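J.: Just dropping this structure here.
Read-outs: derived from the displayed coordinates by stated rules, not from any lab. If you're wondering where the values come from, they're calculated on a predicted model, not measured in any experiment. Virtual Cβ from ideal backbone geometry, glycine too; neighbours counted across all protein chains shown.
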Amino acid sequence: MNNNLVTKNQLLFGLSLLGCSMMLNANEPKPSPKLTEVWQPVPQKVSAKPIPSDAIILLNKGVDVNAQWQHTNGDSVKWHLQEGILTVTPKSGSIISKQKFCDMQMHLEWRAPRKEERAANAPGHANSGIKIQRRYEVQILETYGRPIYVNGQAASIYKQSVPLVDAISPAGDWNSYDIIFKAPRFDEQGELVKAANISVLHNGILVQDQYEIKGKTMYVGEPKYFDAHGCEPILLQDHGGKISFRNIWVRPL
Ligand code: MG
């Protein structure tokens with residue numbers, strides 16, 4: 001008899017063993033779905049409208065602007081405030097938040113002046129910007145129908161990242177930015193461990209998708225992380241244009 005041949009009896013024996021083990025498995029208790037449920041900690045309840053209930057409100061009707069902002073030299077804010085709308089007084093200087101921020105979600109609305117409202121000494125594109133941590137600029141610029149280098153147009157990470165699409169509103173209409181910013185990390189020697197990261201929605205449309213910031217915004221030359229830093233203020237830029245702001249809030253993350 002050939003040893004390599006499986007006899008009919010051997011085959012039947014094997015099949016019966018398989019049947020037994022299947023019956024045993026069927027009798028084992030099934031794992032409970034509870035094993036993969038998480039019950040703690042419970043997320044804090046936050047109501048969303050009109051402003052998240054856990055947000056720090058930096059600008060709105062009834063907010064004391066000088067409690068939240070100051071001139072970069074420490075003076076009071078010289079910009080024009082009316083009904084919760086703060087408009088750059090050209091050449092008066094940029095302003096910074098009094099509070100410092102690290103990782104955050106930020107909401108801000110801005111409006112460029114119509115042609116006839118532009119500052120006489122700044123007839124070009126009305127320019128401003130949000131410099132997060134005084135370093136990393138999300139561009140604010142009146143570029144509706146006005147071509148410019150695309151890594152400098154509105155909602156660019158200035159001179160670093162072109163917005164995915166152009167979602168800008170015409171001059172005179174409001175724009176919203178919703179920003180999620182993760183601050184850079186440095187080690188004890190001051191070396192960069194993790195670059196800053198930013199996502200931006202412009203008028204609700206994703207325009208910057210987890211972009212890794214290359215360093216401090218530079219007008220000339222390459223961006224770079226020049227210094228290790230912790231939490232820092234938000235700077236709103238006076239760049240000569242009569243840009244208006246309203247409804248600014250931050251949720252530290
Ligand atoms: Mg700018």
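J.: Helix 8-27 sits at what angle to the longest principal axis of the chain, using alpha carbons and giving 0 to 90 degrees rounded to 10?
T.: Helix 8-27 sits roughly 50 degrees off the main axis of the chain.
J.: On to the next question. What residues qualify as long-range amide H neighbours of Asp103, i.e. H under 5 Å apart, gap of 5 or more or another chain, H built at 1.01 Å from N?
T.: Correct list: Ala183, Leu253.
J.: Something else: Using label points projected 7 Å from each Cα along Cα→Cβ, tell me how many nm separate Val42 and Asn151, to one decimal.
T.: Going by the 7 Å Cα→Cβ label model, 4.9 nm.
J.: Sketch the reach of a paramagnetic label on Asn66 as a point 7 Å from Cα along Cα-to-Cβ, and name the residues of region 73-92 whose backbone nitrogen lies under 16 Å away.
T.: 73-82
J.: Using 0.36 nm per residue of separation minus the Cα-Cα distance, give me the extension gain between Lys91 and Gln105 in nm, one decimal.
T.: 2.1 nm
J.: Kindly write out, for region 29-34 in residue order, the coupling ³J(HN,Hα) from the Karplus curve 6.51 cos²θ - 1.76 cosθ + 1.60 (θ = phi - 60°), rounded to whole Hz, with x marking Gly and Pro.
T.: Karplus-based 3J(HN,Hα) across region 29-34 equals x, 6, x, 7, x, 5 Hz.
J.: At a 10 Å Cβ-Cβ cut-off, how would you order Tyr136, Tyr211, fewest neighbours first?
T.: Tyr211, Tyr136
J.: Hey, got the dipole for region 56-252? About the Cα centre, +1 on K and R Cβ, -1 on D and E Cβ, debye to the nearest 20?
T.: Computed about the Cα centre, the dipole is about 300 debye.
J.: Excluding same-chain residues fewer than 8 positions from Lys78, which aspartates and glutamates have a Cα within less than 14 Å of its Cα?
T.: Asp64, Asp238
J.: Report the relative contact order of the chain, percent, no decimals, based on alpha-carbon pairs under 8 angstrom and at least 6 residues apart.
T.: The value is 26 percent.
J.: Right, something else. What lysines does Lys216 reach when the alpha-carbon gap must be under 18 Å and sequence neighbours fewer than 8 apart in one chain are set aside?
T.: Leaving aside lysines fewer than 8 places away in the same chain, those within reach of Lys216 are Lys100, Lys131, Lys159, Lys182, Lys194, Lys224.
J.: Residue by residue through region 131-137, what is 3J(HN,Hα) from phi via Karplus (6.51 cos²θ - 1.76 cosθ + 1.60, θ = phi - 60°)? Round to whole Hz and write x for glycine and proline.
T.: 9, 6, 6, 6, 10, 10, 9
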